[in-house]
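Engineer: One structure is given below, represented as structure tokens, and several questions about it will come after.
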There are 2 protein chains.
Amino acid sequence: MRFTGRELRSKIDEDGTLSLSLEQVEVGDPADDEIVVRIEAAPINPSDLGMLLGPADVSTLATRNGVGLTFSVPESRRAAVAGRIGQSEPVGNEGAGLVVATGKDASFLDGKRVGMIGGAMYADYRAIKARDVIPLPDGATSADGASMFVNPLTALGFVETARRGGHQAIVHTAAASNLGQMLQRLCLADGIPLVNIVRSQAQADILRGIGATHVVNSKDADFGARLAQAIEETGATVAFDAIGGGTLGSEIVQAMERAAINRMTEYNRYGSTVLKQLYIYGALDPSPTMLNRMAFGFQWGVSGWLLFPFLQSAGAETVQRMRARVVEELTTTFASRYTRVIGLAEALDPDVLRAYERKATGEKFLIDPTKG
Amino acid sequence: MRFTGRELRSKIDEDGTLSLSLEQVEVGDPADDEIVVRIEAAPINPSDLGMLLGPADVSTLATRNGVGLTFSVPESRRAAVAGRIGQSEPVGNEGAGLVVATGKDASFLDGKRVGMIGGAMYADYRAIKARDVIPLPDGATSADGASMFVNPLTALGFVETARRGGHQAIVHTAAASNLGQMLQRLCLADGIPLVNIVRSQAQADILRGIGATHVVNSKDADFGARLAQAIEETGATVAFDAIGGGTLGSEIVQAMERAAINRMTEYNRYGSTVLKQLYIYGALDPSPTMLNRMAFGFQWGVSGWLLFPFLQSAGAETVQRMRARVVEELTTTFASRYTRVIGLAEALDPDVLRAYERKATGEKFLIDPTKG
């Protein structure tokens, strides 16, 4: 049995034109260890926008013969995407749907709904290895299972990383995101103090609404004092930062160092002996990271944090345990909320695209290709 | 038997006055596991200047009644030294000398010359536990043994840190220092490719003179290209940076990432999967560290590196092995060269102090209290 359907593609040409289009693709018979899934739900995560729109200037959006959209990538940003020039890239890291065909070693999945990760999820059909999917628990919808990988495993990965480093409490920036809310629910469940840094009262309210104790607003005049107090109270020595640019990460590490020095009984001109670790996992601000490290002492580290390298380093057993927990708490700790469900064609509607590209607080889009 | 002698002290008062003086102190009978050493040689390391002069403004130097010097610590820098206000601090991390008295469990050291670490070495006499000294090999002078801890263990620590991280080659900044020359000799002995970054032709010449292959001068117009080439040729993925401030560390990591991307066969918008690590171990430039991390990929880390925490984490067996190697290669790999030997009183001579505080290329001072 063969399936023909649409697949969303993003391509950057030599001249810097980024084009989005829906291609007709045919999905052949599944191999013995494969299945074919009719996709019913795929979230638009910040990481998907990175592949979809790259470093294009969204204000240059134009329609092309009614069959797609084009954008211009400014000259200065093209070096960063040199590796993908001329390649038609599928988009969509994760999704969920109904199994409509199975290879002979995968028949146990016949007719089930599954969650998946692996790219090319903004499509009608996806052929995938059986081992790369997770059957959804009974009663769960594809919308429930669409985001069961990236955000849940990232939140669990943060906690696992903090535990391995011997940290007792965590600081998180851009904390009102779907991921941030998930991390707060997880930390509440596991009894880990979490300091949430947000940029508006509305974001603070979202987190307070789900039980957050420590929420500090970086727009408040007394932000520095409140951050220091929250770090002092919780003893946080590790931070996960989605912003990256500017001085916020540095301010967090400084506050950790001040709290550590306040607990010291003897002067050491190198600062405290407490290891303070900042992980940068996002790039909401792509400008340089400024580290005022003279106020850190010498026991500090700043690193990139990315889900896939983390999963590789964590080992199969840990990943298996994490995945099992996601299934178990899929509609509680790891529930995702979507503010808008759109069809696959709608993803290329200029107004819709501008809306999900804006990444407004509390907004999250889900693509359901069965809607058109 | 009691010994009376001078000890150099540094003190910062509430009003920001830093004063240096020579105090008369009495060293009593050694405890059973102690010895008394008449100090004959103690180097002036950058780390000693940190305790000696703190963040004082050296241009404010004044003499006080012929018995010492005073300096002013600018208001803005006082918070960093709040912990030592009002305390009279001894100075001098390491040194060497002749054992002049021993406790009953330390008589095996009678009449020997030993190298020591532990502070308060800018003095005529030092009581110290026998386990904290290393007897010098036959024929070695106190000058040979004066610097057998900080620089040798730091150079060995860099190599050990690089090996543990799986790195094959090393980048070092401010590479013409005594430490840098030692690291170059060590890397030559151990067959580890080393990229030396210097700031003048004179510094480059020093390193070429001891057999360095890769030396790049950051003042050259084509520095970026030369650095990239050296990193590409060596495959260096770890750097030890004495400078800290500005963009040099970031440029090194970027060059490592470009070299890694050049070896990749498939595009990954997160960058290479190669871990690139920058360790900041000094602060020749105390201004903020600027990380242009968008060009790093996500597999990177920047950390503080300090000798004592490293030794603690390395474990007793490794430290023992490192110390044994220092003794064995004391006058070859780990030889220190001094350009000027001064007495203890001379250390407080305004002109002499300005000279050693300047840290000019190739210059290194040794204090010999027996000279007066």
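Engineer: Step by step: first the residues of the stretch A:204-233, then only those that are under 22 Å from the mean Cα position of the chain (by Cα) and more than 18 Å from A:Cys187 (Cα to Cα), then the one that is surrounded by the most Cβ atoms within 10 Å (Cβ to Cβ). Which residue is that?
Structural biologist: Across the stretch A:204-233, the extreme among qualifying residues is A:Asn217.
Engineer: Pairs only if they're at least six apart or on different chains, beta carbon under 9 angstrom, first in the stretch A:310-336 and acidic (Asp, Glu), second open to solvent by less than 30 Å² (accessible area, probe 1.4 Å) and assigned to a helix (DSSP H, G or I); list them, first residue then second.
Structural biologist: Qualifying pairs under 9 Å: A:Glu329/A:Pro152; A:Glu329/A:Leu186.
Engineer: Picking from B:Arg84, B:Arg64, which residue would you name as being buried (at least 16 other Cβ atoms within 10 Å of the Cβ) and among the basic types (Lys, Arg)?
Structural biologist: B:Arg84
Engineer: Now for a separate question. Can you go through B:Leu291, B:Leu366 and tell me which one is in contact with a Pro (Cβ under 9 Å, 6 or more places away or on another chain) and closer than 30 Å to B:Ser272 by Cα?
Structural biologist: Just one listed residue meets the conditions, B:Leu291.
Engineer: Need pairs with beta-carbon distance below 8 Å; first residue part of a loop (DSSP other than H, G, I, E, B) and within the stretch A:344-365, second among the aliphatic types (A, V, I, L, M) and loosely packed, with under 14 Cβ neighbours inside 10 Å; sequence gap 6+ or separate chains.
Structural biologist: Hits for this filter: A:Thr361/A:Ala202; A:Gly362/A:Ala202.
Engineer: Oh, and also: Six or more apart or on different chains, Cβ under 6 Å: which pairs go from a residue in the stretch A:291-307 that's under 17 Å from B:Arg293 (Cβ atoms) and within 7 Å of chain B (Cβ to nearest Cβ) to one that's of a type in the set (Lys, Arg) and buried (at least 21 other Cβ atoms within 10 Å of the Cβ)? Could you list them?
Structural biologist: Listed by first residue and then by second, the contacts come to A:Trp300/A:Lys276.
Engineer: Okay, moving on. Given the conditions (1) part of a loop (DSSP other than H, G, I, E, B); (2) away from every other protein chain (no Cβ under 13 Å); (3) not hydroxyl-bearing (Ser, Thr, Tyr), and given that A:Pro55 satisfies all but one, which numbered condition is not satisfied?
Structural biologist: Among (1) part of a loop (DSSP other than H, G, I, E, B); (2) away from every other protein chain (no Cβ under 13 Å); (3) not hydroxyl-bearing (Ser, Thr, Tyr), the lone unmet condition for A:Pro55 is (2).
Engineer: Same structure again: Looking only at the stretch B:275-289, count how many residues are at the interface with another protein chain (Cβ under 8 Å from one of its Cβ atoms) and not in a loop (DSSP other than H, G, I, E, B).
Structural biologist: 4
Engineer: Now for a different question. Could you grab me the full set of residues in the stretch A:62-94 that are free of Cβ contacts under 8 Å to residues at least 60 places away in the same chain and part of a strand (DSSP E or B)?
Structural biologist: Listed by number, the residues that qualify are A:Ala62, A:Thr70, A:Phe71, A:Ser72, A:Glu94.
Engineer: Select from the stretch A:40-52 the residues that are aliphatic (A, V, I, L, M) and part of a helix (DSSP H, G or I) and list them in ascending order.
Structural biologist: Selection gives A:Leu49, A:Met51, A:Leu52.
Engineer: Looking at the structure I just gave you, is A:Arg163 over 25 Å from A:Lys219 (Cα atoms), touching a residue at least 24 places away in the same chain (Cβ under 8 Å) and assigned to a helix (DSSP H, G or I)?
Structural biologist: no
Engineer: Loosely packed, with under 15 Cβ neighbours inside 10 Å and in the same structural domain as B:Gln168 (by TED's automatic domain parsing) - does that describe any residue in the stretch B:246-253?
Structural biologist: Yes: the stretch B:246-253 contains one or more residues that are loosely packed, with under 15 Cβ neighbours inside 10 Å and in the same structural domain as B:Gln168 (by TED's automatic domain parsing).
Engineer: Restricting to helices (runs of 4 or more DSSP H) lying wholly in the stretch A:167-246: which have 3 or more residues that are aliphatic (A, V, I, L, M) and more than 25 Å from A:Glu329 (Cβ to Cβ)? Spell out the reasoning first.
Structural biologist: On the way: elements: A:178-190, A:201-209, A:223-234.
Passing ranges, in order: A:223-234.
Engineer: Criterion first (more than 8 Å from chain A (Cβ to nearest Cβ), touching a Ser or Thr at 6+ places or on another chain (Cβ under 6 Å) and among the small types (Gly, Ala, Ser)) does B:Ala260 satisfy it?
Structural biologist: Values: more than 8 Å from chain A (Cβ to nearest Cβ): yes; touching a Ser or Thr at 6+ places or on another chain (Cβ under 6 Å): yes; among the small types (Gly, Ala, Ser): yes.
Here the answer is yes, as B:Ala260 does meet what is asked.
Engineer: Does B:Gly97 count as of a type in the set (Gly, Ala, Ser) and outside any strand (DSSP E or B)?
Structural biologist: Taking the combined requirement at face value, the residue does not satisfy it.
Residue-by-condition table, conditions (1) closer than 30 Å to A:Gly297 by Cβ; (2) at pLDDT below 95; (3) in contact with a strand residue (DSSP E or B) (Cβ under 7 Å, 6 or more places away or on another chain); (4) within 13 Å of chain A (Cβ to nearest Cβ):
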{"position": "B:Pro30", "(1), (2), (3), (4)": "no, yes, yes, no"}
{"position": "B:Ser47", "(1), (2), (3), (4)": "yes, yes, no, yes"}
{"position": "B:Met51", "(1), (2), (3), (4)": "yes, yes, yes, yes"}
{"position": "B:Gly86", "(1), (2), (3), (4)": "yes, yes, no, yes"}
{"position": "B:Ala96", "(1), (2), (3), (4)": "yes, no, yes, no"}
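Engineer: Confirm whether B:Ala120 is touching a helix residue (DSSP H, G or I) at 6+ places or on another chain (Cβ under 9 Å) and more than 30 Å from B:Glu233 (Cβ to Cβ).
Structural biologist: The answer is no for B:Ala120.
Engineer: Shifting gears a bit: A:Val216 - would you say it is touching a Phe, Trp or Tyr at 6+ places or on another chain (Cβ under 9 Å), in the same structural domain as A:Thr273 (by TED's automatic domain parsing) and without any contact (Cβ under 8 Å) to a residue 24 or more places away in the chain?
Structural biologist: When the stated conditions are applied, A:Val216 passes them.
Engineer: Related question: Within the stretch A:67-79, which residues are open to solvent by 40 Å² or more (accessible area, probe 1.4 Å) and under 17 Å from A:Leu353 (Cβ atoms)?
Structural biologist: A:Val67, A:Ser72
Engineer: Where residues in the stretch B:1-57 are basic (Lys, Arg) and touching a Pro at 6+ places or on another chain (Cβ under 9 Å), which of them is surrounded by the most Cβ atoms within 10 Å (Cβ to Cβ)?
Structural biologist: So, considering only residues that are basic (Lys, Arg) and touching a Pro at 6+ places or on another chain (Cβ under 9 Å), the one surrounded by the most Cβ atoms within 10 Å (Cβ to Cβ) is B:Arg9.
Engineer: Another one. Checking B:Gly315 against (1) open to solvent by less than 40 Å² (accessible area, probe 1.4 Å); (2) within 13 Å of chain A (Cβ to nearest Cβ), only one condition comes out false. Which one?
Structural biologist: Exception for B:Gly315: condition (2).
Engineer: If you don't mind, another one. Hey, any hits in the stretch B:177-189 for a residue that's of a type in the set (Ser, Thr, Tyr) and at pLDDT 95 or above? Before you say what the answer is, go through the steps one by one.
Structural biologist: Step one: list which residues in the stretch B:177-189 are of a type in the set (Ser, Thr, Tyr), which gives B:177.
This time we only want the ones that are at pLDDT 95 or above, so: none.
No, the stretch B:177-189 contains no residue that is of a type in the set (Ser, Thr, Tyr) and at pLDDT 95 or above.
The values are calculated or read from the model by the stated rules, or taken from the named source; none is laboratory data. Since the model is a prediction, treat every value here as computed from it, not as a measurement. Because the Cβ atoms are built from the backbone with ideal geometry, glycine has one as well, and the counts that use them run over all protein chains shown. Protein only, heavy atoms only, side chains kept; ligands, DNA and RNA dropped before computing areas. Shrake-Rupley method; radii C 1.70, N 1.55, O 1.52, S 1.80 Å.
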